[in-house]
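Okay, structure first, notes after.
The values are calculated or read from the model by the stated rules, or taken from the named source; none is laboratory data. Source: prediction; values computed, not measured. Note that each Cβ is placed from the backbone with ideal geometry, even for glycine, and that neighbours are counted across all protein chains shown. To get the accessible areas, we keep the full protein, side chains included, count just its heavy atoms, and leave off ligands, DNA and RNA. Shrake-Rupley method; radii C 1.70, N 1.55, O 1.52, S 1.80 Å.
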Amino acid sequence: PFLIRSTGCDILLNLDAGTVCQYKPSVTMSRDMLAFEPQESKRLGFGRERLRQFLLKIIQIKSLTSSEGVIYLSNYAATNIQRQCGKNVLSTVIPHGVGRDFASQEPMHRTLSLKSNQINLVYVSPIWMFKHQWHVVKAVRSLREKHINVFLTLIGGSSPRAMKKLNHELLNSDPAGEFTRYLGNVSHDLIPAALRKADIFVFASSCENMPNSLVEAMAVGLPIASSNRGPMPEVLGDGGVYFDPEDPQSIADAIIILITDPLIRRYCSDRARQLSKKYSWKKCADETFSFLKKIGSKGNIILVL
């Protein structure tokens, strides 16, 4: 803090609620949801990561309640977090934006049917316990058993516990790798091209603060089958088909709807692309600095951590 004061800083913007810096005045951005969803933390088992989430919750509540202002990324996050730590003196909801390289100029109106040569599904998200990639694999296997030629690509880093669970399901459902492919971490600048190669985007997370990869798929204009948990209905609205992320049959049913009903598929594609335009980095920046001005007395210098 003494280094911050030495710069003549008027206000501190903490980009993570896990900060332990007590500089005042400050605005803190809440970007983590897992610590505030006990049912999701239980998926981590008993160990270091579970303890880390418990301690992180304590630290975040302290930083959120001691800040002069708080920025939430979704209404869902604001409601649920404030229910546990109390309402902030001054808070606002400012969603993150989506990069221009994801914006699609042409509609994603592809012809699909149960007899298509290959229907490409993609799920971009880290392999974590609350992302449920193994349930998606089970859903794809059930579709293949009905002679629907779907192929699933998984993109994202991983945690050891979740990766072990996914590998177990891959060995059980697709030991020869006939209809699933895991690419691991992929450079973010390659994600737009990977999305445009797909026919349908699947998002099966049950715990999110602001689902960035979902918004990116929306901007591309992909038809989306999405989890019905967390802020996903708030973000995607009526621009997708929803499912229970812990029920493989529910996931499969949502995918089948997008494959077999061209009117729903076209509507979801166009509607998702339209809704994604609300998520602009320029809008995010403008609203963030406007909020900072409400908190800071001078606003001459802003130090970002």
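Here are the numbers for the structure shown:
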read-out	value
Hits in the stretch 13-33 (condition: open to solvent by less than 60 Å² (accessible area, probe 1.4 Å), over 17 Å from residue 291 (Cβ atoms) and either at pLDDT below 90 or of a type outside the set (A, V, I, L, M, F, W, C) (or both))	18, 19, 21, 23, 32
Residue in the stretch 194-213 that is of a type outside the set (Asp, Glu), free of Cβ contacts under 8 Å to residues at least 24 places away in the same chain and assigned to a helix (DSSP H, G or I) present	no
Residues of the stretch 135-149 that turn out to be open to solvent by 60 Å² or more (accessible area, probe 1.4 Å) and either more than 25 Å from residue 186 (Cα to Cα) or not in a helix (DSSP H, G or I) (or both), as a count	4
Members of the stretch 108-134 found to be in a strand (DSSP E or B) and over 14 Å from the mean Cα position of the chain (by Cα), listed by number	119, 120, 121, 122
Residue identified as part of a strand (DSSP E or B), crowded, with 18+ Cβ neighbours inside 10 Å, more than 17 Å from the chain's Cα centre (by Cα) and touching a residue at least 12 places away in the same chain (Cβ under 8 Å) among 183, 152	152
Members of the stretch 67-89 found to be surrounded by fewer than 17 Cβ atoms within 10 Å (Cβ to Cβ), at pLDDT 90 or above and under 25 Å from residue 285 (Cβ atoms), listed by number	75, 79
Selection from the stretch 225-253 of residues that are within 19 Å of the chain's Cα centre (by Cα), of a type in the set (Asp, Glu) and in a helix (DSSP H, G or I)	234
Hits in the stretch 254-287 - residues which are in a helix (DSSP H, G or I), of a type in the set (Ser, Thr, Tyr) and open to solvent by less than 60 Å² (accessible area, probe 1.4 Å)	269, 276
Qualifying residues in the stretch 34-62 (those that are open to solvent by 80 Å² or more (accessible area, probe 1.4 Å) and under 20 Å from residue 91 (Cβ atoms)) - the one farthest from the chain's Cα centre (by Cα)	62
Given (1) closer than 30 Å to residue 165 by Cβ; (2) of a type in the set (S, T, N, Q); (3) in a loop (DSSP other than H, G, I, E, B), index of the condition residue 105 fails	(1)
Test: residue in the stretch 109-129 that is more than 25 Å from residue 245 (Cα to Cα) and small (Gly, Ala, Ser)	yes
The lone exception for residue 206 - which of (1) within 23 Å of residue 31 (Cα to Cα); (2) out of contact with any helix residue (DSSP H, G or I) (no Cβ under 7 Å at 6 or more places or on another chain) it fails	(2)
